[in-house]
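*Asks:* I have a structure here, written as structure tokens, and I will follow up with some questions on it.
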Amino acid sequence: MHETACDDPFRLASAVRTDTGMRPSVSAVREATRVAEVGYTAVVDRMTPALTPAEIAANVLRSVRSAGGGPAPDNTFPRRDPAWHQDALTVLGAHREDERLAAQAPIAFAITVNVAGTAGTVAATMVLDEPSAQLRHDAATLADALRGVLDQVAAGVTPLVLESAFLAAVERRRGTLRRETLAVLRLAGGSAFETADATKALDGTDVIVVSATADSAHGGIVFQATVHVDSAERLDGVPMRLIELR
Amino acid sequence: MAMDEKGSEAASVRLGFGLELPMIGFGTFPLRGETARRAVESAIALGYRSVDTAMRYRNEDAVGAAVAEARATGTDVLVTTKLATDQVGHEREALLGSLRRLRLSRVDLWLIHWPPGGSAGVGSWRELIRARDDGLVSAIGVSNYSIAQIDRLIESTGTAPDLVQRSWGPNEFDENYLAACAERGIMLCAHSPLRTTPLDHPVLVETARRHGRTPAQVILRWDLQHGVAAVPKSAEPARMAENLDVFGFRLADEEMRAIDALAAASVS
């Protein structure tokens, strides 16, 4: 467990490297994403206000292992300061492992796993009490901006174009959002998700992870999708909206 | 109501609104895709008339395909599905998605899968009641709920779940929970009935030997005699048949008590 120290949120140079060798198949990424989703359900389904980050991480690890995976060697995704990491779990914000998470604040988290040398990741934001109208607005703004980006994902489009569209969309409805970041990762040789070259057009065969993070007045928010560029199929099924567990 | 010849326990039970629930259903987690479809088809061919799925399992489409095929040939199969916890506030949309994937116009039994955020989920429960009132589901219930959480639903809405599903096996036997369900008129259904108690436990092995059965059949028979329904899962047809073949013998009272005692023994 450790905290990251990322001074530039736009750097977000997340390389979730898990292996070296051939680029994994879409089916391998699909399986890794499925296992990451198992970790996600271990968070969301078992969540109660009594749990600490360390207990949540333990639930995640147990579920991920039983599904055939393990934590990725580099588990610090998404790289954002401050954040709390343990095993396959990252929680945005400054947290102590033995401190209960506040019910009214958003709990933004990511699961990053390794399945047979292939990385998989999902992320979500939840709240355990009725959120304020402002938090709902901010979460909807970030989610809508990411959806707009996903609509534009296609072979030939550059990550720079996607980021520009994202920033413009957030700007139109900013609310209390700040430090908004769009990370586009792609499967590279060596079975890793690496930050995509901002000026290099996406290839149709790419599987990319598009991750939107921002701070609101109430805390960090993250939404994310894993997408096969050619088919525009989203490989994960995690809701891209504020999850209200109440 | 179908009756068991030798055991005298009913093979099905009537829930609210006239829904006849088979006491042994077919659990489908974690089967997916073609594996899930083929398994459900096999289960139906072997005589299962109740299939348990969930939004979370990501196999509603496979279950729906198998059930649609069965219904096309005149075989009616009861379908249970569950609302995922992350659908709070989006319950109707989630149900319509389940109905579409299951190729149904009405779900027989719809459950809240987990208490959302550890709360009772009263808002979601109101939506389940509304769905039942609107005829989109026949019966409603919850899964993995404590009695305190169930009571909160009842206090808030005046409506008790028709059924509660939870992990339930000899190692988890809780007489108070069972009694509390009975007092409230709630059917208890065991999910993962064969997962939490070692099947090689001497009490189960010896009881099985006496009856010429398997330890898994003894556990399911123990459930039935406690009035608990169960949804065991297997992808193997032989095992599916075995799990369904639990109506032809009866555990003696002392055998029931010995199996009940496994829970206390597992804690100590």
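The values are calculated or read from the model by the stated rules, or taken from the named source; none is laboratory data. Fair warning: this is a prediction, and the values are worked out from it, not measured in the lab. Note that each Cβ is placed from the backbone with ideal geometry, even for glycine, and that neighbours are counted across all protein chains shown.
*Asks:* I need the full set of residues from region B:171-184 which are over 16 Å from B:G141 (Cα atoms) and surrounded by 17 or more Cβ atoms within 10 Å (Cβ to Cβ), in order please.
*Replies:* Residues satisfying the conditions are B:N171, B:E172, B:F173.
*Asks:* Would you confirm, using the coordinates I've provided, whether B:G141 is closer than 26 Å to B:P232 by Cα and away from chain A (no Cβ under 14 Å)? Reasoning before the result, please.
*Replies:* Details: closer than 26 Å to B:P232 by Cα: yes; away from chain A (no Cβ under 14 Å): yes.
So B:G141 passes the test.
*Asks:* Condition test on B:A160, is it in a helix (DSSP H, G or I) and farther than 25 Å from B:I219 by Cβ?
*Replies:* So B:A160 does not fit the description; no.
*Asks:* Name, by its number, the condition in (1) in contact with a strand residue (DSSP E or B) (Cβ under 6 Å, 6 or more places away or on another chain); (2) within 12 Å of chain A (Cβ to nearest Cβ) that does not hold for B:V122.
*Replies:* (1)
*Asks:* A further question on this structure: I'd like to verify a number: residues in region B:74-115 that are assigned to a strand (DSSP E or B), more than 14 Å from chain A (Cβ to nearest Cβ) and within 14 Å of B:R130 (Cα to Cα), how many?
*Replies:* So in region B:74-115, the residues assigned to a strand (DSSP E or B) come out as B:78-83, B:107-112.
So of that shortlist, the ones also more than 14 Å from chain A (Cβ to nearest Cβ) come out as B:78-81, B:107-110.
Adding the requirement that they be within 14 Å of B:R130 (Cα to Cα) leaves B:107, B:109-110.
Counting residues in region B:74-115 that are assigned to a strand (DSSP E or B), more than 14 Å from chain A (Cβ to nearest Cβ) and within 14 Å of B:R130 (Cα to Cα) gives 3.
*Asks:* Shifting gears a bit: In region A:65-88, what residues are among the hydrophobic types (A, V, I, L, M, F, W, C) and within 11 Å of another protein chain (Cβ to nearest Cβ)?
*Replies:* Here is the first cut: in region A:65-88, the residues among the hydrophobic types (A, V, I, L, M, F, W, C) are A:67, A:72, A:77, A:83-84, A:88.
Matches in region A:65-88: A:A67 only.
*Asks:* A further question follows. Between a residue in region B:188-210 that is free of Cβ contacts under 8 Å to residues at least 40 places away in the same chain and any residue that is aromatic (F, W, Y), which pairs come within a Cβ distance under 9 Å, given they are 6 or more apart or on different chains?
*Replies:* Note: pairs meeting the criteria are B:P193/B:W168; B:T196/B:W168.
*Asks:* Any idea which of A:T213, A:T158 is within 19 Å of A:I111 (Cβ to Cβ), at pLDDT 95 or above and of a type in the set (S, T, N, Q)? Quick ask: steps written out before the conclusion?
*Replies:* Numbers: A:T158 fails: within 19 Å of A:I111 (Cβ to Cβ).
Only one candidate qualifies: A:T213.
*Asks:* Just wondering, is there one or more residues in region B:166-177 that are within 14 Å of chain A (Cβ to nearest Cβ) and either part of a loop (DSSP other than H, G, I, E, B) or under 26 Å from B:I24 (Cα atoms) (or both)?
*Replies:* If we filter region B:166-177 for residues that are within 14 Å of chain A (Cβ to nearest Cβ), which is where we start, we get B:166-167.
Narrowing further to those that are either part of a loop (DSSP other than H, G, I, E, B) or under 26 Å from B:I24 (Cα atoms) (or both): B:166-167.
Yes, region B:166-177 contains a residue that is within 14 Å of chain A (Cβ to nearest Cβ) and either part of a loop (DSSP other than H, G, I, E, B) or under 26 Å from B:I24 (Cα atoms) (or both).
*Asks:* Still on this structure: Would you mind telling me which numbered condition in (1) under 24 Å from B:P30 (Cβ atoms); (2) surrounded by 19 or more Cβ atoms within 10 Å (Cβ to Cβ) A:A108 fails?
*Replies:* (1)
*Asks:* Continuing with this model, one more query. When the residues of region B:185-228 are narrowed to those that are among the hydroxyl-bearing types (S, T, Y) and within 25 Å of B:Y57 (Cα to Cα), which ends up surrounded by the most Cβ atoms within 10 Å (Cβ to Cβ)?
*Replies:* Of the residues in region B:185-228, the ones among the hydroxyl-bearing types (S, T, Y) are B:192, B:196-197, B:207, B:214.
Retained after the next criterion (residues that are within 25 Å of B:Y57 (Cα to Cα)): B:192, B:196-197.
On the way: B:S192: 18, B:T196: 16, B:T197: 23.
Within region B:185-228, the match that is surrounded by the most Cβ atoms within 10 Å (Cβ to Cβ) is B:T197.
*Asks:* All but one of (1) surrounded by fewer than 18 Cβ atoms within 10 Å (Cβ to Cβ); (2) at pLDDT 95 or above hold for A:V60, so report the exception by its number.
*Replies:* A:V60 satisfies every listed condition except (1).
*Asks:* I'd like to verify a number: residues in region A:43-64 that are within 11 Å of another protein chain (Cβ to nearest Cβ) and assigned to a helix (DSSP H, G or I), how many?
*Replies:* Summing the residues that are within 11 Å of another protein chain (Cβ to nearest Cβ) and assigned to a helix (DSSP H, G or I) in region A:43-64 gives 2.
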